[in-house]
Amino acid sequence: KSKESGKNTYYIYSPSMNIQTYKTFNLEMGLRHALELNQFEFYYQPKVCAHTFQIIGAEALIRWNHPDWGLVSPGDFIPLAEETGLITEIERWVKFTACAQNKAWQRAGLPAIPISINLSAIRFMENNLADNIIKALEETKLDPKYLDVEITETSVLENEKAVISTLDKLKNIGVRVSLDDFGTGYSSLSYLKRFKGRIDTLKIDRSFIKDLNREDADNSNFITKTIIELAQHLQMKVVAEGVETQEQLQILQSYNCEMIQGYYFSKPVPADKFAQLLQKGKFEISQKSQGEDVNK
Ligand code: C2E
Ligand code: MG
Ligand code: MG
Ligand code: MG
């Protein structure tokens, strides 16, 4: 999927290499140097209170700023980073940078909010995950309650014992944990019970939000409402991902969804732009689609 690869390096192309191998090879070469060349950057997307429109959190989403290819989205390089093991180094950067940026904003007097990072499923149960988080918090002096770790449903499905032990370590550190893309994994609902008190927030996957009020997908309203009630029942918070329209917002408000994330309020924006949003603190009722000019 690395659409733009292929510039400048055709001298290493040999006919025996097929195009896909070549692209992957090229992408991997670039990825290996991306950290030392300081080519990663976070875009931040606000999480907004569904009722006051106040910014009550943010998600840090990685971008690879490549000199030839422009902004490469995580979907195009995270899988390769996972395959090659480069993800370990990248996630060290992710943890440190998110904590450091948050601390810098707090020092500058901006409202203190938790910032979420995404952690790869395949590394989730590794022992040093918690250690690396502790290190990032210590180095940056960020209060742990301002770090939120988003993990996907699939990463908690296997090896439940190890998962629970990692979750308990995170709990002890005092960071928050969110379950990302909720509703898309092959979960039985009974496993969620065992995560009560261990997972703070469920994030309803965009696929359900996208289909709200669509006649050809009328189960989405019911599923969304059910996930919200389930979260409340388990004393978890709930975020709706991918909210793009006022209609979706209104449905979610009527279901008592607490938090909204999506293009309706803002696309993910670069750090300086996000600081401006945070400085204002909230969105006006009539205000929408901030940052439409950036990131796409
Ligand atoms: P995710 O964690 O589920 O992040 C939400 C994705 O939905 C983001 O895409 C965001 O830009 C997009 N999004 C948010 N609101 C809307 C909306 O209203 N409409 C639409 N169409 N899309 C919306 P992005 O930034 O391309 O990230 C994709 C995925 O890459 C993330 O999904 C996450 O799984 C992964 N990712 C991002 N940053 C990192 C990272 O630092 N480490 C790891 N391991 N994975 C990351
Ligand atoms: Mg996420
Ligand atoms: Mg998600
Ligand atoms: Mg996702």
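Brief remarks follow.
- Pairing residues of the range 146-175 that are of a type in the set (Gly, Ala, Ser) with residues that are part of a helix (DSSP H, G or I) and surrounded by 14 or more Cβ atoms within 10 Å (Cβ to Cβ), at Cβ distances under 6 Å and at least 6 apart in sequence or on separate chains, gives Ser155/Ala121; Gly174/Pro144.
- Comparison of Phe25, Phe40 shows that the only residue that is at pLDDT below 95 and of a type in the set (Phe, Trp, Tyr) is Phe25.
- In a residue-by-residue description of the range 102-125, the property of being surrounded by 14 or more Cβ atoms within 10 Å (Cβ to Cβ), over 22 Å from Ile78 (Cα atoms) and within 16 Å of ligand 1 (Cβ to nearest atom) applies to at least one position.
- When the range 40-62 is filtered for residues that are touching a Pro at 6+ places or on another chain (Cβ under 8 Å) and without any contact (Cβ under 8 Å) to a residue 60 or more places away in the chain, only Ile62 remains.
- Qualifying residue in the range 69-82 (condition: more than 9 Å from ligand 1 (Cβ to nearest atom) and within 16 Å of Ala275 (Cα to Cα)): no
- Where a residue in the range 270-296 is within 19 Å of Ala98 (Cα to Cα) and its partner, wherever it lies, is of a type outside the set (Asp, Glu) and at pLDDT below 95, with Cβ under 7 Å and at least six apart: Pro270/Val294; Lys273/Gly291; Lys273/Val294; Leu277/Gln290
- Considering the range 243-266, the residues that are touching a Phe, Trp or Tyr at 6+ places or on another chain (Cβ under 8 Å) and in a loop (DSSP other than H, G, I, E, B) include one that is farthest from Phe42 (Cα to Cα), namely Thr245.
- Some residue of the range 187-199 being farther than 13 Å from Ala240 by Cβ, in contact (Cβ under 8 Å) with a residue 24 or more places away in the chain, within 13 Å of ligand 1 (Cβ to nearest atom) and among the hydroxyl-bearing types (Ser, Thr, Tyr): no
- Some residue of the range 232-242 being within 30 Å of Leu167 (Cβ to Cβ), away from ligand 4 (no atom under 16 Å from the Cβ), touching a Phe, Trp or Tyr at 6+ places or on another chain (Cβ under 8 Å) and part of a helix (DSSP H, G or I): no
- The residue of the range 24-70 that is surrounded by the fewest Cβ atoms within 10 Å (Cβ to Cβ), among those that are closer than 17 Å to Lys282 by Cβ and among the hydrophobic types (A, V, I, L, M, F, W, C), is Cys49.
- Taking the range 171-183 as the range and being modelled with pLDDT of 90 or more, within 16 Å of ligand 4 (Cβ to nearest atom) and more than 16 Å from Ser120 (Cβ to Cβ) as the test, only Phe182 passes.
- Within the range 201-236, being away from ligand 1 (no atom under 16 Å from the Cβ), of a type in the set (D, E, K, R) and loosely packed, with under 15 Cβ neighbours inside 10 Å holds for Glu215, Asp216, Asp218, Glu229.
- Some residue of the range 201-209 being within 16 Å of ligand 4 (Cβ to nearest atom) and farther than 20 Å from Phe265 by Cβ: no
- Of all residues in the range 23-80, those satisfying the criterion of being under 19 Å from Lys95 (Cβ atoms), outside any strand (DSSP E or B) and within 21 Å of the chain's Cα centre (by Cα) are Leu31, Ala34, Leu35, Asn38, Gln39, Pro74, Phe77, Ile78.
The rows are residues; the columns are (1) more than 16 Å from ligand 4 (Cβ to nearest atom); (2) at pLDDT 85 or above.
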site	(1), (2)
Leu110	yes, yes
Ala130	yes, yes
Glu139	yes, yes
Glu158	yes, no
Lys169	yes, yes
Gly185	no, no
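- Out of Arg206, Arg176, Arg198, sole residue that is on the phi < 0 side of the Ramachandran plot and touching a strand residue (DSSP E or B) at 6+ places or on another chain (Cβ under 6 Å): Arg176
- Condition check for Asn128: over 28 Å from Val175 (Cα atoms), free of Cβ contacts under 8 Å to residues at least 40 places away in the same chain and more than 17 Å from the chain's Cα centre (by Cα): no
The values are calculated or read from the model by the stated rules, or taken from the named source; none is laboratory data. Because the structure is a prediction, the values reported are computed rather than measured. Note that each Cβ is placed from the backbone with ideal geometry, even for glycine, and that neighbours are counted across all protein chains shown.
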